Amino acid sequence: MNDIIIRIGGSAGDGVQSSGLSLAKTLSRSGYYITTYNYYQSLIRGGQSWYQVRASDEVVKNQGSGLDILIALTEDALKRHTSKNINEGGASRLNGIAIFDDSMITNYEKYDDVKYYGIPLRDIALKYNSNPLLKNTVALGAVMASLDMDFSIYEQVIKEIFSHKGKLIDANIGAAKEGYEYYKNNYKIYKSIKVEKRKLFMIGGGEAVGLGAINAGMQMYFAYPMTPASSVLQFFAEHSKKFHVFLKITEDEISAINGAIGANYAGVRAMTGSSGGGFALMTEAVGMSSMTEVPLVIYEAQRPGPSTGLPTKTEQGDLNQILGAGQGDFPKIVLAPGNVTEAFNMTKEAFNLAEKYQLPVFVVSDLYLAEHIETVDFDLKYEMDHGLRAQENDPNFKRYEYTENGISKRSVPGQKGLMHNADSDEHNELGEVVSDVITDPELRRLSMEKRMRKLDTYIKNLPPTKTYKMEDAEYVVIQWGSTKGVIEESIDSLRSEGIKVGAIEIDHIYPMNHDIEKYLKNKKIIVIENNFSGQLNKLIKQEFLVDTKFIGKYDGEAFFPEQLENILKNIIVGKPILEE
Amino acid sequence: MIAMDEYKGKVSPDWCPGCGNYSQLRAISMALSELNIKPEDAVISSGIGCSSNMPEYINVYGFHGLHGRLVPVAEGIKWANKNLTVIGYGGDGDGFFEGTQHFYHAAKRNVDITYIVSDNQVFGLTTGQASPTTPIGRITKDTPDGNIEPPFNPLHYALTAGATFVARGLSGNIKSLANIIKAGIQHKGFSFIDVLSPCVTYNKINSYDFFRKTTYEVKDNNTKDFYEAFKLSSMWGDAPQSIPTGIFYDVQSPIYEDADVVLSKYNLKDTKPYQLTESDLEEFY
């Protein structure tokens, strides 16, 4: 892939992320497909953080390996990202140019394979404004020059970003232009990729879930703030008025899920969301949604646990919790989108499934998916499926009627002659409790079977499981969620070396599609997950009684392609591509 | 006026004979009937406990949820459809142990729901353990040496949280209780009604006789005066006429639904969801 990887390194408070966003926007506006990677800590000031943008004239599936251009805002950043012992969770060291302020950063080890392009970032910035973050703009101007880009696009991006702070527009444009000129006058163009002019939207995983929910007709969102689920909450906070979506920050997550259930019971599409810790508080009500057969969409954005864990890092460690949430056996559906576009589409799908089957549906994400940005093109077509609804005054209405497919007609408050009791206790077809008065083992059995039959119906209607290059595969990688893009790229790379490997991409994770079985016969199966114990791996073994090899990563960072290729090759042909 | 029979549920209550909940069922039905609220336009959200079984016994929309969580469910229903009359109904164990944070914040928000607690000062359905309102020294199933925790005062809690309607009712005095519930439903904002309700099986002390002797109905109190309400809420004892009942506090304050930027403009149940178009993606360009 003809790509460019640019990283901005500094500390919290240095404007690393906002500079990264400006860079991503300028590249996207120029016609590049991009994806971003955000490495940060739970800090307001200090520590070390970096933001990476990968850009190409082809669709970019992950954050990429290698590093072409580094903007080092601190001495620490310059040292870290050039070091041969780089230790950033799989991210590559610099093998290209370092842009930094050589009047400020002087004490560092020089490597032969790195070009050190010093620019007096601070002195240039001070000519325009005393704002310390202006030096980032100078550096970004230099990056635009290094890529032989048209300055006017960056100029336009600056105008839009600072549109509400009029005075800063001119200062930023001046500083950027001078950084651009300084680079042109002193250094060579690093790389020039010809890109077509195309209109791309730059959307994060959290925003995609928010937009998907709006597209699906969601009108209410209940949540308690928790990273990394908060990007969805933030999206609704900023768009509540425009989309007339009611946003409620509740006193706790228990209230959030119970409120969302109340709203859905009253006939309005509502969603709740949290990360693993907050979701742990919600678990009892998940079963209540299923027992009362009230539709519910739950967004769960994972971060590494246990307990408070790593608040600003990524992991896929909550699958067990989601599958096991709530006492007793009850039907639920778990969806796991693999990228930003899928996050949008599957959120839309979740709302229809929830109403059609009258049960809780999970959209499972993680910090990497929720907080990185991709250039996407969304399909906004959507038909709301409200499922079976009863007609007013139907004399034969039984809210929980025992039907063949398990689905019964639903009524909502306000509808005449369809009053009933939605009960968290076990109940009969009419919603009458079977445990207190009637105590009837037969009714319990029938009610249980009625609810569980909905999953049989759902499985029959599942789309075929997604696969990647499985036609002649001898090795099968099984993945779920945000590892999709990095696994596909690793497979491409291994295939270019003649290794016949393909992937099964499980996005409808529970209940699982039986069609997976046909791909597993006589294959060597490798399950890759961003967790310690192999939570999907255990499920695969249990469902299909197969032997597997599990690859896990639990250092808080996503897989990087070169790192994964290396591990896969080591397993398949017994030798790594790279020396460790 | 809609006939009382319209509110009669298909299932008969399974409460113990003489339980205070019977009077509350009747008082709630009476209030709905006298206020002409159609069965399809009323929702009762309940928790878990003897009293919380209410939705089965009354012919309105019912949601019998989880222990302590009836308030958030009620809020979700109200915010989805402001046209509904939403009543939260549960016990003292349900609302004043696990449900306290929801109770507090709903009162603080002044959401327009009516929250009625059947307060029998004991856990009934789990067979007689001490509840948050069990008096100090009381011997119960799980406090064999006497309860050592001071009781929770739900009226104080509601008042300090910001509830705009606070009342104490008495099971057995159906007419008076129905009037309080009617006022609570009509009140615009969060209404809290603590109903003293004898548990004939597990609380032999706070019986009908006890309350007949100790309670009296307040007259001519100033329901706009927070401190007077607070004082009335504090009064309790074994002596004759030491426990006041009635409406202690009733003031107007902006409700949550009118303050919220979306709910103030829309009744979401009757509003077509926003139609997302290509132009909405422009901000991501």
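The values are calculated or read from the model by the stated rules, or taken from the named source; none is laboratory data. Keep in mind the model is a prediction, meaning the values are calculated, not measured. As a convention, Cβ positions derive from the backbone with ideal geometry for all residues, glycine included, and neighbour counts pool all protein chains shown. The area values use the complete protein model at the heavy-atom level, side chains included, leaving out ligands, DNA and RNA. Shrake-Rupley method; radii C 1.70, N 1.55, O 1.52, S 1.80 Å.
Overview of results
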item	result
³J(HN,Hα) computed for each position of region B:249-263 - Karplus, 6.51 cos²θ - 1.76 cosθ + 1.60, integer Hz, glycine/proline x	9, 7, 10, 9, 8, x, 8, 4, 5, 7, 7, 5, 5, 8, 5
Angle between chain A longest axis and helix A:166-186 axis [Cα atoms, degrees, rounded to 10]	50
Nearby lysines by direct alpha-carbon distance to A:Lys381 (threshold 17 angstrom, same-chain neighbours under 8 apart not counted)	A:Lys348, B:Lys272
Accessible surface buried once B binds A (1.4 Å probe; total of both sides; Å²)	5400
Among beta bridges that DSSP assigns inside chain B, antiparallel share in %, nearest 5	20
Built amide H within the under 5 Å cut-off of A:Lys549, gap 5+	A:Ile525, A:Ile526, A:Val527
Average partner coverage of B:9-18, which counts Cβ from other chains inside 10 Å	2
Of A:Lys242/A:Lys460; A:Lys115/A:Lys135; B:Lys10/B:Lys108; A:Lys84/A:Lys484, those spanning more than 32 Å from alpha-carbon to alpha-carbon	A:Lys242/A:Lys460; B:Lys10/B:Lys108
Principal axis dimensions, chain B - Cα atoms, whole angstrom, descending	71, 43, 39
20 °C / 1.002 mPa s Stokes-Einstein diffusion coefficient of region A:282-356, Kirkwood radius on C-alpha pairs, µm²/s	157
Tilt relative to chain A, helix A:340-357 - C-alpha long axis, 0 to 90 degrees, to 10	10
Chain A pair-distance distribution - Cα-Cα, 10 Å bins, rounded %	3, 16, 25, 24, 17, 9, 4, 2, 0
Projected area averaged over orientations for region A:119-233, convex hull of C-alpha atoms, nm²	10.2
Distance cut-off 20 Å, percentage of C-alpha pairs in region A:466-573 lying past it	32
Relative contact order (%) - chain B, alpha-carbon pairs under 8 angstrom, separation at least six	17
Cα pair distances exceeding 15 angstrom across region A:1-79, given as percent	52
Translational diffusion of region A:400-445, µm² s⁻¹ [Kirkwood Rh, Cα pairs; Stokes-Einstein; 20 °C; 1.002 mPa s]	184
Ellipsoid equivalent to region A:3-186 - semi-axes via the Cα gyration tensor, in Å	23, 19, 16
Farthest toward positive dipole pole in chain A [+1 Lys/Arg, -1 Asp/Glu at C-beta], among A:Asn570, A:Phe550, A:Ala370	A:Ala370
Inverse of mean 1/r across different Cα pairs in region B:131-281, Kirkwood, Å	18.0
Highest to lowest packing among B:57-63, A:226-232, scored as the average C-beta count within 10 Å	B:57-63, A:226-232
Fraction in percent of alpha-carbon pairs per bin - 10 Å, region A:68-148	18, 50, 27, 5
Positive-pole candidate from A:Val334, A:Asn185, A:Leu211, dipole of the protein assembly as shown, charges at beta carbon	A:Asn185
P(r) weight above 15 Å for region A:494-551, C-alpha pairs, percent	52
Within 10 Å of each Cβ in A:244-252, the average number of Cβ atoms from other chains	6
Region B:4-284, accessible area per residue, ligands and nucleic acids excluded (1.4 Å, Å²)	38
Helix A:16-29 vs. chain A, principal-axis angle (Cα, 0 to 90°, nearest 10)	90
Prolate/oblate/rounded label for region B:1-155 (Cα gyration tensor, a/c 1.5)	oblate
Mean separation of Cα contacts under 8 Å, 6 or more apart, over the residue count of chain A: relative contact order %	12
Reciprocal of mean inverse Cα separation for region B:152-233 (Kirkwood radius, Å)	13.7
Magnitude of the charge dipole, region B:4-284, Cβ model with Lys/Arg +1 and Asp/Glu -1, debye to 20	800
Cut-off under 5 Å, modelled amide H: who pairs with A:Val60 long-range	A:Ile34
Rg/Rh ratio calculated on Cα atoms of region A:370-496 (Kirkwood radius)	1.18
HN-Hα J in Hz across region A:139-146 - Karplus 6.51, -1.76, 1.60, θ = phi - 60°, x for Gly and Pro	5, 5, x, 5, 4, 4, 5, 4
Antiparallel %, DSSP beta bridges [both residues in region A:466-573], to 5	20
Accessible surface of the protein assembly as shown [probe 1.4 Å, protein heavy atoms]: carbon and sulfur percent	50
Inter-chain shielding of B:51-60 (mean C-beta neighbours from other protein chains, 10 Å cut-off)	4
Alpha carbon Rg of region B:44-100, scaled by the compact-globule rule 2.2 N^0.38 Å	1.03
For region A:224-330, the spread of Cα positions along each principal axis, largest first, Å	35, 35, 21
Rounded to whole Hz, the Karplus (6.51, -1.76, 1.60) HN-Hα couplings of region A:481-496, x for glycine and proline	x, 6, 7, 3, x, 6, 6, 4, 5, 5, 5, 4, 5, 5, 5, 5
Prolate/oblate/rounded call for region A:364-405, Cα gyration tensor, a/c under 1.5 rounded	prolate
Taking region A:67-226 and dividing mean pair separation by its residue count, relative contact order in percent (alpha carbons under 8 Å, at least six apart)	18
Hull volume in cubic angstrom per residue (convex hull over the Cα atoms of region A:301-414)	157
